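S.K.: The structure that follows is given in the form of structure tokens.
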Amino acid sequence: MAWRNCVWRERYIQKPWPRNPMTSLYRDYFYFHFTNWPTPPNRNGCYLCYQVERTQNCSPVLINKGVFENKFYPEEPRHAELCFLDWFKTQEVFLVKNMLRDEKYHVKWFMSWSPCFKCARKVVEYLQDHKHIRLSIFAARLYFSGKPEHDQGLLSLDSAGASLAIMSADDFFYCWKTFVDHQQLEFQPWKKTHKNSQYLSKQLENILKKN
């Protein structure tokens, strides 16, 4: 617990991110960026933990997982969702021509922020052109909830068939175990993790009611 409190006091120690995707997320990055306080300060980046499952004979088979972050200066800025799509499109194994007739891919994103409206538009376009992809998005927080353009982005994702949810306490534990370089340390939830998740889930529910 003392280590975690130190992370909050010092924010986190910035470390090299040599490539997208990375195989795992730094522990202090996860604690800092995935906190589910509704409006935490200084969380300017977005981290996306993903896994890709192929459905064969109605059974899911995990074939890839990793972590993306936003591209920052000196590179041209690009949000994590679009970094994922840029990468996904180049992976030969995911191309529809290499799939059996009844196969589908289920892509799961565990994100520190829900998609902004510009990224939502790009993701919707991709889903419309790739019917063999099913997308589930689990967000720690809602990006500028209450701003009409971002709410509309979530509505468009919902209309395109994407599944949208707020991360639960179980999801945070799952991400810690699956995507974080935890070095055998146990995950210590933030204060009010469950209460914040319920609050944000209600906000998301109210947004999606408009569809």
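The values are calculated or read from the model by the stated rules, or taken from the named source; none is laboratory data. Remember, it's a predicted structure, so these values are computed and weren't measured experimentally. Cβ placement follows ideal geometry from the backbone for every residue including glycine, while neighbour counts extend to all protein chains displayed. Accessible surface is based on the protein model in full, side chains and every heavy atom, while ligands, DNA and RNA are left aside. Shrake-Rupley method; radii C 1.70, N 1.55, O 1.52, S 1.80 Å.
S.K.: Report every pair of residues separated by at least 6 positions or lying on different chains whose Cβ atoms are under 8 Å apart, first residue within region 33-53 and without any contact (Cβ under 8 Å) to a residue 40 or more places away in the chain, second surrounded by fewer than 18 Cβ atoms within 10 Å (Cβ to Cβ).
M.R.: Asn42/Arg11
S.K.: Still on this structure, please answer the following. Within region 44-64, track down each residue that is in contact with a helix residue (DSSP H, G or I) (Cβ under 6 Å, 6 or more places away or on another chain) and in a loop (DSSP other than H, G, I, E, B).
M.R.: Within region 44-64, Cys46 is the sole residue that qualifies.
S.K.: Just checking, does region 153-162 include any residue being surrounded by fewer than 19 Cβ atoms within 10 Å (Cβ to Cβ) and farther than 23 Å from Val123 by Cα?
M.R.: So far as region 153-162 goes, no, none of its residues is surrounded by fewer than 19 Cβ atoms within 10 Å (Cβ to Cβ) and farther than 23 Å from Val123 by Cα.
S.K.: Scan region 169-202 for residues that are among the hydroxyl-bearing types (Ser, Thr, Tyr), closer than 30 Å to His130 by Cβ and open to solvent by less than 40 Å² (accessible area, probe 1.4 Å) and report the count.
M.R.: Going residue by residue through region 169-202, those that are among the hydroxyl-bearing types (Ser, Thr, Tyr) are 174, 178, 193, 197, 199, 201.
Add one more test, that the residue is closer than 30 Å to His130 by Cβ, and what stays is 174, 178, 201.
The next check asks that each one be open to solvent by less than 40 Å² (accessible area, probe 1.4 Å); those that pass are 178.
Qualifying residue count, region 169-202: 1.
S.K.: Applying the selection to region 65-81, what residues are open to solvent by 50 Å² or more (accessible area, probe 1.4 Å) and either assigned to a strand (DSSP E or B) or of a type in the set (D, E, K, R) (or both)?
M.R.: Answer for region 65-81, where residues must be open to solvent by 50 Å² or more (accessible area, probe 1.4 Å) and either assigned to a strand (DSSP E or B) or of a type in the set (D, E, K, R) (or both): Lys65, Lys71, Glu75, Glu76, Arg78.
S.K.: For region 43-64, what are the residues that are closer than 20 Å to Met111 by Cα and open to solvent by 40 Å² or more (accessible area, probe 1.4 Å)?
M.R.: Asn44, Leu62, Ile63, Asn64
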